[in-house]
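Remarks on the structure that follows.
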Amino acid sequence: MRAVAVSISGLSYSSFADCNPRFLLNLFSSTYRGVVENREFFEPIKVWQIILRRTPFEDLLSKGIQLSNIPLSNPTYGRPSTDMFKISLKEELELLLKAVNDYSDKYVVLFSVNAYERDLKNKKNACEGLRLIDSYLEAVFEIVDNYAFFSPYGFDGTKYEPYGVYISSMPRPSEEETIKLDQILDIVLSLKI
Amino acid sequence: MQELIECLSFEELEEFIESSEYAVVDFWAPWCAPCHILHRILQSVAPAYSKINFGRINTQNYPEAAEKYEIYGLPTLLLFRNGHVVDRIVGVVSKNYLVESLNRLIQ
């Protein structure tokens, strides 16, 4: 059973409307979906402390989670680890694909894509970035059995949005509630089942 | 993007509809993913329709609004002319579909 959870910082449903990402919209229409709600935390370190609930990294590994490119530090934490100020979005997505190939048969790969938000802040074209993400997530989807694609918040190039995306192969107990950051770890663990 | 869509409470909703020759109200909830997509589409077309007042109401906070206007699915847009519902759009629709509906509303 191969499983992956991919966080894409800054990805929002607004960008779905603006950019029409083909694969993600198809997936959105055909599987479990939701909304991550986060009104307070937009700083990567704080966001990831909450998502991981300050669990020691060794404990996460022993629970079956391989952390990958987590922006708790720079270089990022986990395998792979990158310089998040220098790596391009395409290079980061290539590493996502490699991490899924290398680790997802043994662990749930929890990978953070950080360059999309950084590029938006640098005024790069949101739709070009999303098209790239869309194609790589489709490639990831082809490899794994279970997946969760989510964002801890949205970002539209100028301001943060309190709602992030959530698309997953696994149902949630409360579909009519938003997902909070501290619930994400349980969702990641559930992907291994 | 300038926010032209007024956030309404249940108490404000009636007044909003009654005082508008043309009004569009977006019934939504935070947990509803398609609602966020439709909201963006609505935001993108609203500036072209100065004759229409746009509002949105969170049905999680105001379930009585959903009950009163018989909202059975989210998102739902209700299009009002002189206080009366003249069209109802359920689910996410394309920008073109929405534009056609808004054009019909103000014809």
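The values are calculated or read from the model by the stated rules, or taken from the named source; none is laboratory data. Quantities reported herein were computed from a predicted structural model and do not represent experimental measurements. Counting neighbours? That spans all protein chains shown, and the Cβs are built from the backbone with ideal geometry, glycine included.
Listing for the model above:
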item: Number of positions in region A:150-190 that are within 12 Å of chain B (Cβ to nearest Cβ) and of a type outside the set (A, V, I, L, M); result: 20
item: Output for region A:87-125, where each listed residue is at pLDDT below 95 and either among the β-branched types (Val, Ile, Thr) or in contact with a Leu (Cβ under 9 Å, 6 or more places away or on another chain) (or both); result: A:LYS124
item: Selection count where residues are closer than 20 Å to A:ALA115 by Cα and acidic (Asp, Glu), scope region A:1-55; result: 2
item: Test for A:SER112: is it within 14 Å of chain B (Cβ to nearest Cβ), of a type in the set (S, T, N, Q) and either part of a strand (DSSP E or B) or out of contact with any helix residue (DSSP H, G or I) (no Cβ under 7 Å at 6 or more places or on another chain) (or both); result: no
item: Single match in B:GLY83, B:GLY91, B:GLY55 (criterion: within 30 Å of A:TYR32 (Cα to Cα) and more than 14 Å from chain A (Cβ to nearest Cβ)); result: B:GLY55
item: Within region B:9-52, tally of residues that are without any contact (Cβ under 8 Å) to a residue 40 or more places away in the chain, closer than 22 Å to B:TYR97 by Cβ and within 14 Å of chain A (Cβ to nearest Cβ); result: 4
item: Among residues of region A:1-49, those that are assigned to a loop (DSSP other than H, G, I, E, B), out of contact with any helix residue (DSSP H, G or I) (no Cβ under 8 Å at 6 or more places or on another chain) and under 21 Å from A:LYS159 (Cβ atoms), counted; result: 4
item: Hits in region B:56-107 (condition: small (Gly, Ala, Ser), under 25 Å from A:ASN20 (Cα atoms) and surrounded by fewer than 18 Cβ atoms within 10 Å (Cβ to Cβ)); result: B:GLY73, B:GLY91, B:SER94
item: Verdict on B:TYR62 being under 28 Å from A:GLU175 (Cα atoms) and away from chain A (no Cβ under 14 Å); result: yes
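Residues are listed down the side, and each one gets a yes or a no for (1) within 22 Å of A:LEU93 (Cβ to Cβ); (2) in contact (Cβ under 8 Å) with a residue 12 or more places away in the chain; (3) within 10 Å of another protein chain (Cβ to nearest Cβ):
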{"residue": "A:ILE8", "(1), (2), (3)": "yes, yes, no"}
{"residue": "A:SER14", "(1), (2), (3)": "yes, yes, yes"}
{"residue": "A:CYS19", "(1), (2), (3)": "yes, yes, no"}
{"residue": "A:PHE23", "(1), (2), (3)": "yes, yes, no"}
{"residue": "A:ASN26", "(1), (2), (3)": "yes, no, no"}
{"residue": "A:THR31", "(1), (2), (3)": "yes, yes, no"}
{"residue": "A:VAL35", "(1), (2), (3)": "no, yes, yes"}
{"residue": "A:GLU43", "(1), (2), (3)": "no, no, no"}
{"residue": "A:ILE51", "(1), (2), (3)": "yes, yes, no"}
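Residue by residue, here is whether (1) on the phi > 0 side of the Ramachandran plot; (2) of a type in the set (Lys, Arg); (3) touching a helix residue (DSSP H, G or I) at 6+ places or on another chain (Cβ under 8 Å) holds:
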residue: B:LEU8; (1), (2), (3): no, no, yes
residue: B:GLU14; (1), (2), (3): no, no, no
residue: B:ILE17; (1), (2), (3): no, no, no
residue: B:VAL24; (1), (2), (3): no, no, yes
residue: B:ALA29; (1), (2), (3): no, no, yes
residue: B:ARG40; (1), (2), (3): no, yes, yes
residue: B:ASN58; (1), (2), (3): no, no, no
